[in-house]
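A short worksheet on the structure shown next.
The values are calculated or read from the model by the stated rules, or taken from the named source; none is laboratory data. Note that the structure is predicted; figures quoted are calculated from it, not measured. Glycine also receives a Cβ, built like all others from the backbone with ideal geometry; neighbour counts cover every protein chain displayed.
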Amino acid sequence: MSLPIEDYALISDCFTGALVGSDGSIDWLCLPRYDAPSTFGALLGTEDHGRWLLAPADATATSTRHYERDTMILVTRWRTADGEVEVVDAMPMGDHRADLVRRVRGVSGRVTMRQDLRIRFGYATAIPWVRKDTAERPPALVAVAGPDGLVVRGPALTASDHSHDGTFTVAAGQTVDLSMTWFPSHRSAPAAVDVEKALAQTRSWWTDWASGCDHEGPYREQVVRSLLLLRALTHLETGGIVAAATTSLPEAFGGERNWDYRYVWLRDASLTIAVLLSHGYADYVDHWRDWLLRAIAGDPADVQIMYGLAGERDLTEREIVSLPGYQGARPVRIGNDASTQFQADVIGEVMLALDRGRAAGVPETRFSWALQRALMGYLEDSWRNPDHGIWEIRGEPKAFTHSRALVWAAFDCAIRGVEEYGLSGPVERWRRLQAEIRADLEANGFDEHRGTYVQTYGSRDLDASLLLLPQVGYCAFDDPRMLGTVRAIEEDLMQDGLVLRYRTDTGVDGLPPGEHPFLACSFWLAEQYARSHRVEDAERLMDRLLGLANDVGMLSEEYDIEGRSQAGNTPQALTHLALVRAADAITEVRAAQATAEVPAG
């Protein structure tokens, strides 16, 4: 059975990523991209659905692990009665090959290591033909099924009932290297990777990237780790940013909230770009903007809320039976039908990211402003239409307050583009529409009796996405209407100090009720506290949230308070970018307070 979600750590080459369990088993890996079919699928089943275990043969061995400095190289130290070893797991950067390397270093004594390799292509629908390439010493294993091929090198393995296993012993000072490389099956297996060189290149690549981070403060370690994870989820060539590395990890056991997050949400990608931009990574705006231009080329009316990593549009959702689900949680889904929804807020998020790029000095291209003008033209005609909202409800579309606020923000960015950057556009018409949208929202999206913004027009229900209104410039963090909204959220949506997205028992989302607190929402509240002069409350909530991260700083989508475990897909980009924003807010407010306390002269 797969491990608790928090027992996994991600390694990545910025094309795809593997989840390595604390037991030494790689239980999830899709090759050669995040959204490809799984090669190791034990995360959503058992070892028979594909894995690569590398751990001491001694069942009583214990381990600790960490990422090597500011990299995505994972180091696990194993201790047995006979000695200690370190296992270094990495997906090499630099050569654009789909490699995975595992280096075992003897630290003390002698440790017998065990391997269990089970290759299952196509979401465990294809057990490959495996042969030994005796031209190499020791012989390499070459596995082929359909379009996929793998070559595995390292200590000898023995075939047994569609798996390969073996043992080897590592003494103090000794190093044993293992590697696996994916290749299209119609081609020859590629040459062996130089593990020493690959690890050095990978170490240098990640540390060089992390060194550009512009952040100082008490949360620097968590901010850098979150930015590294966001970079790992960004495709190195296309610029697409997946929402998470996994599919179908349950938001709640026994329910239907198991979704595929291995795609590029315009919203999440825009927010990620904004966070990277605010920390010194301005060059990513161009890369992502090029992806955006390719993905949504054509009629703005056909814009989707998500795409594949290279801009693919067909993300048809289907359930598969070849994987039984994470600890039996079904259904297992690939694809995502939310791609066909209308979510008015995503255009606002795109416009905000591009506006922040302009403010950082990123120039418009020949096509980028034309794209934004086209998006605004689409919003002029569609902003009154009900939508499915930020949470992608599967029920009937509604007039979501958050969505209308983001439409307002889109017009705000467009107006600023004309007035502050000299771009062309119908600014007077945009101003009239922006004022109309605000009047509409204030009249229909605010509960005067309770003094709070509401989830949808005419309702009295709350939604944590309302915490984003000041973040996008719709109102001030300390606006009385916003403070009233915070009070209402504290009363209605808090569970053991953490924030729910909304009340699922209202039926608004068209799904059976039940889910756990949403970690990004809790970070949004921490940012709100800091910006509205409740910095001590912000710090307490921040400390609580950081304490929910696993041993290597990873967070998933939700947190199961009763089970004391992470829930939902992992690592979740929205969670980590919200963490960064909250850390920035607390750090900036504390710095301002310290400056104000310094006596003049």
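Restricting the stretch 227-241 to residues that are out of contact with any helix residue (DSSP H, G or I) (no Cβ under 7 Å at 6 or more places or on another chain) and not acidic (Asp, Glu) leaves a set whose member that is surrounded by the most Cβ atoms within 10 Å (Cβ to Cβ) is THR234.
State whether the residues of the stretch 200-216 include one that is within 17 Å of VAL101 (Cα to Cα) and surrounded by fewer than 14 Cβ atoms within 10 Å (Cβ to Cβ).
Filtering the stretch 200-216 for residues within 17 Å of VAL101 (Cα to Cα) gives 200-206.
When the remaining residues are screened for being surrounded by fewer than 14 Cβ atoms within 10 Å (Cβ to Cβ), the result is 200, 204.
Within the stretch 200-216, one or more residues are within 17 Å of VAL101 (Cα to Cα) and surrounded by fewer than 14 Cβ atoms within 10 Å (Cβ to Cβ).
Within the stretch 359-391, being farther than 22 Å from ILE437 by Cβ, charged (D, E, K, R) and touching a helix residue (DSSP H, G or I) at 6+ places or on another chain (Cβ under 9 Å) holds for one residue alone: GLU364. When residues in the stretch 419-437 are screened for being crowded, with 18+ Cβ neighbours inside 10 Å and either without any contact (Cβ under 8 Å) to a residue 40 or more places away in the chain or not hydrophobic (A, V, I, L, M, F, W, C) (or both), 1 of them pass.
Kindly indicate whether VAL362 is touching a strand residue (DSSP E or B) at 6+ places or on another chain (Cβ under 9 Å), hydrophobic (A, V, I, L, M, F, W, C) and farther than 15 Å from GLY239 by Cα. When the stated conditions are applied, VAL362 does not pass them.
A single entry from ASP70, ASP133 fulfils the requirement of being at pLDDT 95 or above and either among the charged types (D, E, K, R) or in contact with a helix residue (DSSP H, G or I) (Cβ under 8 Å, 6 or more places away or on another chain) (or both): ASP70.
Regarding the stretch 89-97, can at least one residue be identified that is within 27 Å of ARG69 (Cα to Cα), basic (Lys, Arg) and in the same structural domain as GLY21 (by TED's automatic domain parsing)? If you could, list the steps in order and put the result at the bottom.
Looking only at the stretch 89-97, we keep the residues that are within 27 Å of ARG69 (Cα to Cα), and these are 89-97.
Narrowing further to those that are basic (Lys, Arg): 97.
With in the same structural domain as GLY21 (by TED's automatic domain parsing) added as a condition, the list becomes 97.
There is at least one residue in the stretch 89-97 that is within 27 Å of ARG69 (Cα to Cα), basic (Lys, Arg) and in the same structural domain as GLY21 (by TED's automatic domain parsing).
Scanning the stretch 34-71 for residues that are under 25 Å from HIS162 (Cα atoms) and either among the basic types (Lys, Arg) or part of a strand (DSSP E or B) (or both) yields SER38, THR39, PHE40, ARG51, TRP52, LEU53, LEU54, ALA55, PRO56. Contact annotation: residue pairs with Cβ atoms under 7 Å, 6 or more positions apart or on different chains, pairing a residue in the stretch 182-203 that is farther than 19 Å from SER12 by Cα with a partner that is part of a loop (DSSP other than H, G, I, E, B) and not basic (Lys, Arg), are PRO184/PRO147; SER185/GLY146; SER185/PRO147.
When the stretch 128-154 is filtered for residues that are outside any strand (DSSP E or B) and within 13 Å of ARG118 (Cα to Cα), only PRO128 remains. Of the helices (runs of 4 or more DSSP H) lying entirely inside the stretch 487-601, the ones with 3 or more residues being touching an Asp or Glu at 6+ places or on another chain (Cβ under 8 Å) are found at 519-531, 573-597.
Taking into account only those residues within the stretch 415-470 that are among the aliphatic types (A, V, I, L, M) and assigned to a loop (DSSP other than H, G, I, E, B), which is farthest from the chain's Cα centre (by Cα)? Give the steps one after another, and end with the answer.
Filtering the stretch 415-470 for residues among the aliphatic types (A, V, I, L, M) gives 415, 418, 423, 427, 433, 435, 437, 439, 441, 443, 454, 462, 464, 466-469.
Subsequent filtering for residues that are assigned to a loop (DSSP other than H, G, I, E, B) retains 423, 454, 462, 469.
Values: LEU423: 34, VAL454: 28, LEU462: 25, LEU469: 22 Å.
The extreme case among them is LEU423.
Quick check on the stretch 126-133. Is at least one of its residues within 21 Å of MET91 (Cβ to Cβ), buried (at least 16 other Cβ atoms within 10 Å of the Cβ) and either acidic (Asp, Glu) or not assigned by TED's automatic domain parsing to the domain that holds GLU319 (or both)? Scanning the stretch 126-133 turns up at least one residue that is within 21 Å of MET91 (Cβ to Cβ), buried (at least 16 other Cβ atoms within 10 Å of the Cβ) and either acidic (Asp, Glu) or not assigned by TED's automatic domain parsing to the domain that holds GLU319 (or both).
What about LEU323, is it under 23 Å from HIS576 (Cα atoms), in the same structural domain as PHE367 (by TED's automatic domain parsing) and either touching a residue at least 24 places away in the same chain (Cβ under 8 Å) or among the aliphatic types (A, V, I, L, M) (or both)? Quick ask: steps written out before the conclusion?
On the way: under 23 Å from HIS576 (Cα atoms): no; in the same structural domain as PHE367 (by TED's automatic domain parsing): yes; either touching a residue at least 24 places away in the same chain (Cβ under 8 Å) or among the aliphatic types (A, V, I, L, M) (or both): yes.
Spelling it out, it is not the case that LEU323 is under 23 Å from HIS576 (Cα atoms), in the same structural domain as PHE367 (by TED's automatic domain parsing) and either touching a residue at least 24 places away in the same chain (Cβ under 8 Å) or among the aliphatic types (A, V, I, L, M) (or both).
Residues in the stretch 291-346 that are modelled with pLDDT under 95, under 27 Å from GLN566 (Cβ atoms) and basic (Lys, Arg): ARG330 only. Candidates are the residues of the stretch 55-64 that are surrounded by fewer than 20 Cβ atoms within 10 Å (Cβ to Cβ) and not small (Gly, Ala, Ser); the one that is nearest to SER211 (Cα to Cα) is THR64.
Quick one: count up the residues across the stretch 522-572 that are surrounded by 24 or more Cβ atoms within 10 Å (Cβ to Cβ) and either modelled with pLDDT under 95 or of a type outside the set (A, V, I, L, M, F, W, C) (or both). Of the residues in that region, 14 qualify.
Would you be able to say whether some residue in the stretch 66-77 is farther than 18 Å from SER12 by Cα, touching a residue at least 40 places away in the same chain (Cβ under 8 Å) and not hydrophobic (A, V, I, L, M, F, W, C)?
Here is the first cut: in the stretch 66-77, the residues farther than 18 Å from SER12 by Cα are 77.
From what's left, touching a residue at least 40 places away in the same chain (Cβ under 8 Å): none.
Checked the stretch 66-77: no residue is farther than 18 Å from SER12 by Cα, touching a residue at least 40 places away in the same chain (Cβ under 8 Å) and not hydrophobic (A, V, I, L, M, F, W, C).
The set of residues in the stretch 327-384 that are over 17 Å from GLY422 (Cβ atoms), surrounded by 19 or more Cβ atoms within 10 Å (Cβ to Cβ) and among the hydroxyl-bearing types (Ser, Thr, Tyr) contains only SER339.
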